[in-house]
1. Amide H to amide H, which residues 5 or more places from residue 253 or on other chains are under 5 Å from it, using H placed in the peptide plane?
2. Would you please calculate the Kirkwood hydrodynamic radius of segment 422-490 over all C-alpha pairs and express it in Å, rounded to one decimal?
3. What list of ³J(HN,Hα) values in whole Hz, one per residue of segment 331-346 in order, does the Karplus curve 6.51 cos²θ - 1.76 cosθ + 1.60 (θ = phi - 60°) give from phi, with Gly and Pro shown as x?
4. Among 215, 226, 240, whose Cα lies farthest out toward the positive end of the dipole of segment 189-270, if unit charges sit on the beta carbon of Lys, Arg (+1) and Asp, Glu (-1)?
5. From the cross-link list 412/559; 348/441; 348/544; 412/468; 328/559, which pairs have alpha carbons spaced over 29 Å apart?
6. Order of 331-338, 346-353, 552-559 by packing, highest average Cβ count within 10 Å first?
7. Applying 1/(1 + (r/R0)^6) with R0 = 41 Å to the Cβ-Cβ distance of residue 293 and residue 201, what FRET efficiency is obtained, to the nearest 0.05?
8. At a 1.4 Å probe radius, which order do 408, 540, 359 fall into by accessible area, largest first?
Amino acid sequence: MELLSIINDRLDALLHPSARYDALTRARHRAFMAPRLLGSLAAFAAFPVYLALRGAPAALEVVVFAWLIAPILLTWFLSRTGRYEAAHVLSSLALAGLVMTLALTTGGIESFAVFWLVLVPLEAALSASRRVVAISSALALSCALVLIVLGQFGILPADASALPRGILTAFTVASAALYAASLAFAAGSLARTSLALLNGEEGRYRLLACNMGDVISCHRRDGAVQFISPTAETLLGTPPGSLMDHGLFDRVHVADRPAYLTALSDAARGGESRTVEFRIKRDTPGEQHQSGFVWVELRCRPLDRAGVAATATDAEVVAVMRDVTDRKIQEQALAAARTATEQADAAKNRFLATMSHELRTPLNAIIGFSEMIAQEDVLMLDAARRKEYAQLINDSGQHLLSVVNGILDISKMESGNYEIAPEPFEPRPALISCCSLLALKATENGIDLVTRVAEDLPFMIADPRAFKQVALNLVSNAIKFTERGGRVTVSAAVEGSRLVLRVTDTGVGIASDDLKRIGDPFFQAGKTYERRHEGTGLGLSIVKSLVSLHAGDLTVQSKLEQGTTVTVALPLAFTPPAPDKQTEPSSKVANLSSRSLAKHRADQVKRSA
């Protein structure tokens, strides 16, 4: 074992650097060097014994032994240059030259040495190169043809061999058989090495293909799958066999199939890499077999089969497919965040534009009329005119206060700091009071305000101030956006455990695209009528927030030029959520237990009596 290890180390030291890092190339170089070096060294070692037994050698014997230097020179050539095929061609030339030399001096085509011409192409077969085998075969045939031609013309010298012809023939056949056996042994060794390397490469590929997250596949340009890695079952939840041919294509989302086929076709035709993203159906095993679509990214490029150019009809494409659903979700979230940011920026612009008008109008009135009162001596204002101006200043101040209160309320609601105080109250008187407050405004605008509130509405537990604010905002909005001669109807009734309030108008209506944004702060629907109506756009936003704080529902149904119906459903007995233990109670009423709340309701009834 130590001797073999030493021999292997010496052979490895003789290898050319280009053959040291590839196992198959290293095995081929060693198979070329080892038998030539060992055979030459063994022959040189036996040469003294041959001389002792034979005596002085003949000229032919000297030529044969001199030829033993050729394998050593060939080994040196391969070691220095690394040109494996060239070394085999030179080896064939050396062997053919030796055979021709022996045949020319021992009878031509009938010489015992002619048997070795058969071994010339056999030796070249170890190179695994068709070109080398073809050159060696042509060389052997040329040598045989030359011997035949020379024999026909009788120009060959006489047989110079001193040994009997039978002995030489037997020796030639035996040596040729031994050399052929060594060639077969070397071929078998190379075959085993190639098979072991192939199995190792296949094992490494299977290990990667089964454990990597990406799916590797091979397609024809029409999308048909010829090969797909086992990872496809992890990605798509189905065996790889069901994806062969057009099985993968059938799982691609119908809307994405043109892009999928275009990428494969362009890669096969154009010779460049292509990338495409599409949706593909994935099966989810469970109690019920369910399917859903996931986003994948496919990168494909033409398959290069060792430099063989494929025609347009048989062009193949190799592709790598990976799951990008998480990235798509992030992109969608980013797009949604960008849209929200743009909407927030637009809302800010609307807020500035609206507030500049809503605040400037009452402030101008306050400043203007107060200056007139301050100069009453110059303007000679009487008491009635001063009272009128004072009333206008008060009205403008009240309007300005309502705008500021609305902004503060919506700010508190959005930040979660708006506190409601639920208590028992009768909703019918509150609704009647709100409608009475707005009746004069409706009359001045030529609008018929109709109130249809059931007589038997029960007590409800909610924030009465918030309830009135909801009713006032809804009715005020309906009157504002209803043209002269229209009608606003306010109705309330109990449906199950909820009080349902409906405000219906015959006004300008709301477009379907704007309905999605109704309730956003500072948003006023429509472009054709928003210039005809003043307002901050906070009314319905406040209503939406107050209804949400009471665990209620708000729905809006509307058609352009036909009117709008706003429906609010509030629980009759609202129980606020339990406050955080770390937060101090903001209102005694907000923290009433069910028992104290009932007592509070009884006290309210007694006081009203």
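The values are calculated or read from the model by the stated rules, or taken from the named source; none is laboratory data. Computed from a prediction, not measured in an experiment: that's the story for all the values here. Please note: Cβ atoms are built from the backbone with ideal geometry, for glycine as well, and neighbour counts cover all protein chains shown. Please note that ligands, DNA and RNA were not included when accessible areas were found on the heavy atoms of the full protein model with its side chains. Shrake-Rupley method; radii C 1.70, N 1.55, O 1.52, S 1.80 Å.
1. 279, 280, 281
2. 12.5
3. These are the phi-based 3J(HN,Hα) values: 5, 5, 5, 5, 5, 5, 5, 5, 5, 5, 5, 5, 5, 5, 5, 5 Hz.
4. 226
5. Details: 412/559 32 Å; 348/441 31 Å; 348/544 20 Å; 412/468 18 Å; 328/559 36 Å.
Beyond 29 Å: 412/559; 348/441; 328/559.
6. Numbers: 331-338: 10.2, 346-353: 13.5, 552-559: 15.9.
Sorting 331-338, 346-353, 552-559 by mean packing, highest first, produces 552-559, 346-353, 331-338.
7. On the way: r = 36 Å, r/R0 = 0.88.
Once rounded, the FRET efficiency stands at 0.70.
8. Numbers: 408 95, 540 30, 359 55 Å².
Ranking 408, 540, 359 by accessible area, largest first, yields 408, 359, 540.
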